[in-house]
1. Considering only residues that are over 21 Å from SER64 (Cα atoms) and charged (D, E, K, R), look in the range 1-31 and name the one that is nearest to the chain's Cα centre (by Cα).
2. Select, from LYS108, LYS194, the only residue that is farther than 25 Å from GLN2 by Cα, in contact with a strand residue (DSSP E or B) (Cβ under 8 Å, 6 or more places away or on another chain) and among the basic types (Lys, Arg).
3. Does SER217 satisfy being in a helix (DSSP H, G or I), over 30 Å from ASP132 (Cα atoms) and of a type in the set (S, T, N, Q)?
4. Go through GLY13, GLY51, GLY17, GLY77 for me and flag whichever is in contact with a Gly (Cβ under 6 Å, 6 or more places away or on another chain), touching a residue at least 24 places away in the same chain (Cβ under 8 Å) and at positive phi.
5. Being among the acidic types (Asp, Glu) and crowded, with 21+ Cβ neighbours inside 10 Å is the filter; apply it to the range 12-40 and report the residue that is nearest to SER60 (Cα to Cα).
6. For ALA111, state whether it is assigned to a helix (DSSP H, G or I), surrounded by fewer than 16 Cβ atoms within 10 Å (Cβ to Cβ) and of a type in the set (A, V, I, L, M).
7. Could you look through the range 192-214, keep only residues that are in a helix (DSSP H, G or I) and among the charged types (D, E, K, R), and pick out the one that is farthest from LEU245 (Cα to Cα)?
8. State all residues of the range 136-185 that are small (Gly, Ala, Ser), assigned to a loop (DSSP other than H, G, I, E, B) and farther than 16 Å from ILE232 by Cβ; if no residue qualifies, say none.
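Quick note: the coordinates plus some simple rules give every number you see, no bench work behind them. Computed from a predicted structure; not experimentally measured. No Cβ is skipped: glycine too gets one built from the backbone with ideal geometry, and neighbour counts run over all protein chains shown.
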Amino acid sequence: MQLNNSIAAVISGGASGLGETTARALAEKGVKVAIFDLNEEQGTKVANDLGGVFCKVDVSDSASVTAAFEKARAANGQERIVVNCAGIAPAAKTVSRGEAHDPALYAKVIAVNLIGSFNIASQAAVGMAAADELPSKERGVIINTASVAAYDGQVGQIAYAASKGGIVAMTLPMARDLADKSIRVMVIAPGIMKTPMVASFPQEVQDALAAQIPFPSRLGEPSEYAQLAMHICENEMLNGEVIRLDGAIRMAPR
């Protein structure tokens, strides 16, 4: 897929972090961008910076997702790229201080991270499948975001790891489901990235995290996630796979 002004993209979680960086990178290539996020103030700012459109959306609510796609398509046309970066990561153990993990919190993490990614991906696929083929003979590409926690979940990550493991598990069947519609599905599983949250940690904490990464022994940059996302868009042979973006780290129990 050639990235230019004939292509539209939807970025969930695009108001900050990995999503914002990816949205900005795509816009630099001329891609028309729609930002899906709950943060209306920041999302509107990013969209305005990029000449794009902001859609306030709760990814866990399919009706909210439908309305967001209607708004985005009215502004930019049918999206050919979807990058799912929306997610939450509260920490809680299976049992803590004699209490079981709050099932409502567990369900919320699954709803936002896993079901939210599914809602965006499945509704995008409907629109892509009805569109004409691009010159590359594809109709679109969906990039979901997992985490190394899908494989190396740490203490307190039971809900988060389960949600990201679900994203990994649905990659191949979704790619197979959509193959006859010329739609690709890929997943990026980041390691320890210098997102706004991590960047707010004291420097000694950031240094300790970086020291865990074999090579390069530094935090991953959001721009490196964006670079990989763009390469996935451009390389049509990439399909049905999870790519770890982690400097070869394997997370310790805690």
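1. Checked the range 1-31; the qualifying residue nearest to the chain's Cα centre (by Cα) is ARG24.
2. On the way: LYS108 fails: in contact with a strand residue (DSSP E or B) (Cβ under 8 Å, 6 or more places away or on another chain).
Going through LYS108, LYS194 in turn, just one is farther than 25 Å from GLN2 by Cα, in contact with a strand residue (DSSP E or B) (Cβ under 8 Å, 6 or more places away or on another chain) and among the basic types (Lys, Arg): LYS194.
3. No, not satisfied.
4. Testing whether each residue is in contact with a Gly (Cβ under 6 Å, 6 or more places away or on another chain), touching a residue at least 24 places away in the same chain (Cβ under 8 Å) and at positive phi leaves just GLY13.
5. ASP37
6. Numbers: assigned to a helix (DSSP H, G or I): yes; surrounded by fewer than 16 Cβ atoms within 10 Å (Cβ to Cβ): no; of a type in the set (A, V, I, L, M): yes.
No: the conditions fail for ALA111.
7. Checked the range 192-214; the qualifying residue farthest from LEU245 (Cα to Cα) is GLU204.
8. Taking the range 136-185 as the starting set, the residues that turn out to be small (Gly, Ala, Ser) are 136, 140, 146-147, 149-150, 153, 156, 159, 161-163, 165-166, 169, 175, 179, 182.
Keeping just the survivors that are assigned to a loop (DSSP other than H, G, I, E, B) gives 136, 146-147, 153, 156, 182.
Across the range 136-185, the qualifying residues are SER147, GLY153, GLY156.
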